[in-house]
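The values are calculated or read from the model by the stated rules, or taken from the named source; none is laboratory data. Note that the structure is a prediction, hence the values are computed from the model and not measured. All Cβ positions, glycine included, derive from the backbone under ideal geometry; neighbour counts span all protein chains shown. Ligands, DNA and RNA are stripped out before the accessible areas are found, and what is left, the full protein with its side chains, is counted by its heavy atoms. Shrake-Rupley method; radii C 1.70, N 1.55, O 1.52, S 1.80 Å.
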Amino acid sequence: MPTDAGAIVAVEASSGRERWRVQGFGATVLLDGDGLIVHANGTTGGGSDLARIRRSDGGLVWTAERGKINPAWNPTIADGVGYVPSGDELVAFDPATGAVAWRAPLGAAASRGASVAGGLAVLGDEKGTVYGISTAGGDIVWTSKTDATTIGHPSLANGTAYVTAIGGAQETLYALDAATGVPKWRYVSPDGSPFRGAAVSATTVYMPTAGGVLYALDARTGALDWKFETGPGIAGAPALAGDTLYLCAESGFAFALDAATGAERWRLQLASAARSGGVVADGVFYVTDELGATVAIGSAASAPAAASPEPTAAATSAASGPPTAQFVWSATGSASERLNHPLSLRLAPDGKLWVTDISDRFFIFDLDGNLLEVWGSPGKGPGQFAFHDINQEIGTITFRPDGSFYVVDSLNYRVQHFDKNRMFLGQWGTNGRGDGQFLLPSYLGIAPDGSLFVADYLRHDVQRFDPNGRFLGRFDGAGSPDGALAGPSGIVFGRDGKIYVVETDGNRVRILDKDGKSLGTLGAGGPDFGGLNYPNEVAIDGQGYFYVSDTYHDRIKVFDPDGRFVFQWGGSGTADGEFNNPTGIALNTGGTVYIGDWHGNRIEKFKIGGPFPAPAASPEAATPAS
């Protein structure tokens with residue numbers, strides 16, 4: 001696996017245990033016998049080098065095409081010959097030595113790597129031209145011109161080259177005859193967004209778009225067989241294995257679909273958005289997410305095994321036994337900046353931990369509890385916040401997978417929107433009871449379809465908005481057998497569309513459908529093990545277990561996917577692992593949990609050990625609100 005830090009990491013497929021790590025490489029990895037063909041960090045020409053390293057230990061074997069390889073140009077190997085664009089040429093090379101066999105000149109710089117089959121290499125350039133090149137000696141057999149500015153990575157199958165034209169008058173998929181380059185059919189993106197890489201079978205082309213729709217097209221005619229919508233964009237080319245299609249969405253979900261019909265078989269929430277479409281090997285779907293975690297998902301989507309920056313024991317094994325929460329560390333800030341009543345905390349896509357503080361600022365920590373910086377200031381302007389007054393202390397942050405985020409600026413009665421670089425993008429909300437107004441907004445959750453749900457503690461309702469703050473509707477539970485919402489706060493979303501809302505004043509978690517109709521409750525007021533007293537937030541792990549901050553009981557309580565109490569930890573006090581009114585919860589890959597201790601003026605980290613007892617019904621993988 002390549003990393004953004006310029007390393008190649010090798011891990012055991014069965015366990016995620018790291019075998020070796022070498023610096024100086026990245027962008028792509030291609031398996032070839034006992035070696036890997038990779039991009040090396042070039043020192044000349046502004047590009048990358050092509051290199052071969054050993055699979056056993058990552059040692060360098062050879063380097064070639066120094067400084068001429070674009071990181072977007074993936075090499076490929078067919079019939080013992082390697083192919084990679086270099087500058088404005090396609091180069092055929094010996095994978096064992098790096099020696100060049102031939103070079104084929106292009107009319108412009110290549111746009112992606114080549115696909116090779118049946119004695120033909122097909123690729124495109126940055127002027128919208130597609131090339132069919134003979135692998136026998138590099139002669140250009142045909143060219144096909146489009147009106148696009150660039151060509152996506154082709155797919156060769158069924159005597160056809162399937163290529164995406166990007167940046168033209170329309171985002172288009174072309175099916176070109178592999179022998180002549182003559183178009184057989186074309187398919188224009190119905191949602192207008194660019195196509196991502198395809199998966200192709202003997203009968204079907206599976207083509208995702210950046211807009212979050214997967215189209216299954218008849219490989220011969222281009223007719224639409226079915227489509228599947230994931231919500232925010234699809235991360236890359238889907239992976240096809242047998243009769244199952246696997247794909248990842250930018251909402252952070254991994255999906256398995258029936259390849260023939262598009263019926264959903266399962267979905268699983270990752271800790272953050274996937275970096276690419278993932279790969280399948282030996283019945284396991286491997287996905288790397290934006291937090292740098294690699295997740296191995298079994299075909300039945302049971303508990304994922306994770307090789308994360310913080311590997312831990314499996315938190316949610318299906319076997320029976322007593323679960324545990326092992327204290328790791330607590331953090332209070334630095335000598336000059338100390339936490340003062342932390343309210344809520346969230347893991348950002350870059351792996352940093354953001355904590356809302358009643359100083360009307362954010363304390364930003366690394367995952368070892370070191371304070372990195374403090375951001376924000378009190379006030380009413382952009383990038384200024386009001387999280388407390390004499391009566392209230394409340395405010396949260398919620399991240400999208402791309403690093404952009406929303407701040408529930410509670411006592412300014414608004415939501416502020418920022419990009420991943422903290423540039424202010426806009427705001428909405430004023431004080432009041434009208435649509436889009438707030439009395440005390442407490443929490444914002446992002447649904448799988450990208451819409452935003454804002455809970456209001458004093459209005460006792462939840463309002464729904466589009467990503468730009470346009471009001472879409474509201475619900476309050478009134479008239480249901482469970483009564484109206486009572487002081488709603490934390491929100492999470494289940495894979496089947498269920499919404500889970502913490503009722504702080506109601507001492508329970510309400511379960512609702514997508515339209516806000518009450519479906520029941522989880523937990524109840526009282527002193528027993530499952531009882532809650534002023535809960536604040538809820539989070540859901542990959543197997544559907546609920547973690548609830550039971551604030552006035554000074555404990556964290558865990559419920560299984562059927563709503564049954566499983567275990568708790570904490571207790572009143574200031575010792576390690578104890579709490580003085582816990583509020584915020586953040587879950588990380590591999591069973592790591594971070595808790596904000598409100599009156600303890602600190603955050604605490606725990607590793608969850610198992611095994612958990614198996615639930616009576618199949619667990620529902622669900623998405624945290626951030």
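Looking across the stretch 392-408, the residues that are over 16 Å from residue 342 (Cα atoms) and part of a loop (DSSP other than H, G, I, E, B) come down to 400, 401, 402, 403, 404.
I'm checking my understanding of the structure. Among residues of the stretch 26-49 that are touching a Gly at 6+ places or on another chain (Cβ under 7 Å) and either open to solvent by less than 60 Å² (accessible area, probe 1.4 Å) or modelled with pLDDT of 85 or more (or both), which one is nearest to residue 350 (Cα to Cα)? Among residues in the stretch 26-49 that are touching a Gly at 6+ places or on another chain (Cβ under 7 Å) and either open to solvent by less than 60 Å² (accessible area, probe 1.4 Å) or modelled with pLDDT of 85 or more (or both), the one nearest to residue 350 (Cα to Cα) is 26. Checked against (1) assigned to a strand (DSSP E or B); (2) of a type in the set (Gly, Ala, Ser); (3) more than 30 Å from the chain's Cα centre (by Cα), residue 359 meets all criteria but (1).
Against the list (1) in contact (Cβ under 8 Å) with a residue 40 or more places away in the chain; (2) among the aliphatic types (A, V, I, L, M); (3) surrounded by fewer than 22 Cβ atoms within 10 Å (Cβ to Cβ), the condition residue 22 fails is (1).
In this structure, does residue 141 turn out to be within 19 Å of residue 72 (Cβ to Cβ) and either without any contact (Cβ under 8 Å) to a residue 12 or more places away in the chain or hydrophobic (A, V, I, L, M, F, W, C) (or both)? Considered against the rule, which asks whether it is within 19 Å of residue 72 (Cβ to Cβ) and either without any contact (Cβ under 8 Å) to a residue 12 or more places away in the chain or hydrophobic (A, V, I, L, M, F, W, C) (or both), residue 141 comes out as no.
Within the stretch 564-574, does at least one residue satisfy the condition of being open to solvent by less than 10 Å² (accessible area, probe 1.4 Å) and either part of a strand (DSSP E or B) or in contact with a Gly (Cβ under 6 Å, 6 or more places away or on another chain) (or both)? Looking for residues that are open to solvent by less than 10 Å² (accessible area, probe 1.4 Å) and either part of a strand (DSSP E or B) or in contact with a Gly (Cβ under 6 Å, 6 or more places away or on another chain) (or both), one finds none in the stretch 564-574, hence no.
What strands (runs of 3 or more DSSP E), lying completely within the stretch 420-489, carry at least 1 residues that are of a type in the set (Gly, Ala, Ser) and more than 22 Å from residue 343 (Cα to Cα)? Lay out the reasoning, then the answer.
Details: elements: 424-428, 441-446, 452-456, 461-465, 471-475.
Once the strands (runs of 3 or more DSSP E) in the stretch 420-489 are filtered for at least 1 residues that are of a type in the set (Gly, Ala, Ser) and more than 22 Å from residue 343 (Cα to Cα), what remains is 424-428, 471-475.
Which one is surrounded by the most Cβ atoms within 10 Å (Cβ to Cβ) among residues in the stretch 164-184 that are β-branched (Val, Ile, Thr) and within 15 Å of residue 141 (Cβ to Cβ)? Step by step, filter the stretch 164-184, then rank; the result is 180.
Per the conditions (1) crowded, with 22+ Cβ neighbours inside 10 Å; (2) under 21 Å from the mean Cα position of the chain (by Cα); (3) modelled with pLDDT under 95, the sole criterion not satisfied by residue 452 is (3). Whenever a residue of the stretch 319-339 is more than 21 Å from residue 595 (Cα to Cα), it has no partner that is modelled with pLDDT of 95 or more and surrounded by 15 or more Cβ atoms within 10 Å (Cβ to Cβ) lying with C-beta atoms less than 8 angstrom away and at least six residues away or across chains. Considered as a group, the residues in the stretch 503-560 that are of a type in the set (Phe, Trp, Tyr) and outside any strand (DSSP E or B) include one that is farthest from residue 324 (Cα to Cα), and that residue is 534.
Applying the condition of being small (Gly, Ala, Ser) and within 30 Å of the chain's Cα centre (by Cα) to the stretch 329-356 and asking which residue is most open to solvent (accessible area, probe 1.4 Å) yields 330.
Can you find a residue that is surrounded by 15 or more Cβ atoms within 10 Å (Cβ to Cβ), under 24 Å from residue 599 (Cβ atoms) and touching a helix residue (DSSP H, G or I) at 6+ places or on another chain (Cβ under 6 Å) anywhere in the stretch 389-398? So far as the stretch 389-398 goes, yes, one or more of its residues are surrounded by 15 or more Cβ atoms within 10 Å (Cβ to Cβ), under 24 Å from residue 599 (Cβ atoms) and touching a helix residue (DSSP H, G or I) at 6+ places or on another chain (Cβ under 6 Å).
Part of a loop (DSSP other than H, G, I, E, B), open to solvent by 20 Å² or more (accessible area, probe 1.4 Å) and either farther than 17 Å from residue 98 by Cβ or modelled with pLDDT of 90 or more (or both) - does that describe any residue in the stretch 6-13? Scanning the stretch 6-13, I find at least one residue that is part of a loop (DSSP other than H, G, I, E, B), open to solvent by 20 Å² or more (accessible area, probe 1.4 Å) and either farther than 17 Å from residue 98 by Cβ or modelled with pLDDT of 90 or more (or both), so the answer is yes. Taking the stretch 108-120 as the range and being touching a Gly at 6+ places or on another chain (Cβ under 6 Å) and either within 15 Å of residue 92 (Cβ to Cβ) or not in a loop (DSSP other than H, G, I, E, B) (or both) as the test, only 120 passes. The listed residues are 181, 222, and the only one of them that is at positive phi and in contact with a Gly (Cβ under 9 Å, 6 or more places away or on another chain) turns out to be 181.
For the stretch 64-89, a tally of residues being over 13 Å from residue 111 (Cα atoms) and modelled with pLDDT of 90 or more returns 8. The residues in the stretch 245-279 that are surrounded by fewer than 20 Cβ atoms within 10 Å (Cβ to Cβ), touching a residue at least 12 places away in the same chain (Cβ under 8 Å) and aliphatic (A, V, I, L, M) can be counted, and the count is 2.
None of 526, 516 is at pLDDT below 95 and crowded, with 21+ Cβ neighbours inside 10 Å except 516. Remark: residue 82 matches the filter, which requires a residue to be open to solvent by less than 20 Å² (accessible area, probe 1.4 Å), assigned to a strand (DSSP E or B) and over 23 Å from residue 148 (Cβ atoms).
For the stretch 121-147, taking the residues that are crowded, with 22+ Cβ neighbours inside 10 Å and hydrophobic (A, V, I, L, M, F, W, C), the one that is nearest to residue 71 (Cα to Cα) is identified as 123.
Residue count for the stretch 57-73 satisfying the condition of being open to solvent by less than 60 Å² (accessible area, probe 1.4 Å) and touching a residue at least 40 places away in the same chain (Cβ under 8 Å): 3.
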